[in-house]
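As structure tokens, the structure follows; a few thoughts come after it.
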Amino acid sequence: MFTGIVEELGEVVYLTDAGGDSAVIAVRGPVVTTDARHGDSISVNGVCLTVIDNVDGVFTADVMGESLRRSSLGVLAPGSQVNLERAATVGSRLGGHLVQGHVDGVGRVVAREPADEWEVLRFSLPPELSRYVVEKGSITVDGVSLTVMAVTADTFDVGLIPTTLKLTVLGAKSVGDPVNLEVDVIAKYVEKMLGERS
């Protein structure tokens with residue numbers, strides 16, 4: 001479980017095909033690797049990955065085919081920057097919202113509207129996710145917990161403060177770039193429970 005508060009910008013060292021519909025990724029992240037051990041979880045652009053090795057500030061993780069198909073991890077290349085966050089611990093502050101690191105779909109940057117100190121970004125919203133996204137609700141974009149400013153049937157807007165623009169990959173995204181989306185898991189559980197009662 002994560003909070004959607006990015007700890008650092010990491011850098012992809014390599015992403016290699018491991019055969020059998022899977023890959024191995026290596027990411028440089030001096031902050032998140034300080035206490036990372038085999039089996040720990042680290043969110044990479046919103047995808048929960050399990051550490052298999054950690055050497056000199058670089059951790060490696062296996063990436064299943066399911067994760068490659070349902071996220072944008074497959075388009076990463078050596079040198080790509082990625083948002084990194086270690087799993088939350090019991091008693092840690094919940095600065096964002098409950099984030100599982102289970103990507104629900106991939107959207108794309110539709111527009112950027114700069115202002116004096118912040119920007120509004122508009123993202124495409126896959127039709128199967130639109131029912132879970134509400135104005136003033138939470139959504140995770142590339143691992144960043146954000147508040148929805150506006151939503152339509154196929155887009156949503158978020159506002160990015162200077163800190164988010166500077167310290168996450170969202171600051172460098174261009175129109176057309178893919179992003180990983182995770183909707184609020186509570187909404188999905190509520191829908192399932194209400195559907196079973198009807």
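The values are calculated or read from the model by the stated rules, or taken from the named source; none is laboratory data. These numbers come from a predicted model, not from an experiment. As a convention, Cβ positions derive from the backbone with ideal geometry for all residues, glycine included, and neighbour counts pool all protein chains shown. For the accessible areas, the whole protein counts, side chains as well, though only heavy atoms, and no ligand, DNA or RNA atoms are used. Shrake-Rupley method; radii C 1.70, N 1.55, O 1.52, S 1.80 Å.
Need the full-extension length gain, ASP56 to GLU128, defined as separation in residues times 0.36 nm minus the C-alpha distance. One decimal, nm. Walk me through the intermediate numbers first.
Numbers: separation 72, 0.36 × 72 = 25.92 nm, distance 4.13 nm.
That pair, ASP56 and GLU128, stretches by 21.8 nm at full extension.
With contacts taken as Cα pairs under 8 Å and at least 6 residues apart, the chain reaches a relative contact order of 24 percent.
Just by accessible area at a 1.4 angstrom probe, what is the order of TYR189, TYR132 from largest to smallest? It would help to have the intermediate numbers written out before the result.
Working: TYR189 135, TYR132 30 Å².
These residues rank, largest area first, as TYR189, TYR132.
Report, to the nearest 10°, how far helix 185-197 tilts away from the longest principal axis of the Cα atoms in the chain, using its own Cα long axis and a range of 0 to 90°. Orientation of helix 185-197: about 60 degrees from the principal axis.
Taking a Cβ cut-off of under 11 Å around GLU7, the surrounding Lys, Arg, Asp and Glu residues balance to a net charge of -1, with basic ones at +1 and acidic ones at -1.
For the chain, what is the accessible area per residue in Å², given a 1.4 Å probe and the full set of protein chains?
With all protein chains present, the chain gives 51 Å² per residue.
Partners of LYS136 within straight-line reach, counting aspartates and glutamates whose Cα lies under 20 Å from its Cα and excluding those fewer than 8 residues away in the same chain: ASP104, GLU113, GLU119, GLU128, ASP154, ASP157, GLU182, ASP184, GLU191.
Within the accessible surface of the chain, defined with a 1.4 Å probe on protein heavy atoms only, the carbon and sulfur portion equals 54 percent. Measuring nothing but alpha carbons in the chain and taking Rh as the Kirkwood radius, the Rg to Rh ratio lands at 0.96.
Each peptide in 164-176, 10-22, 133-145 was scored by the mean count of other Cβ atoms within 10 Å over its residues; highest first, the order is 133-145, 164-176, 10-22. THR89 contributes an accessible area of around 90 Å² to the protein surface, as traced by a 1.4 Å probe with all chains present.
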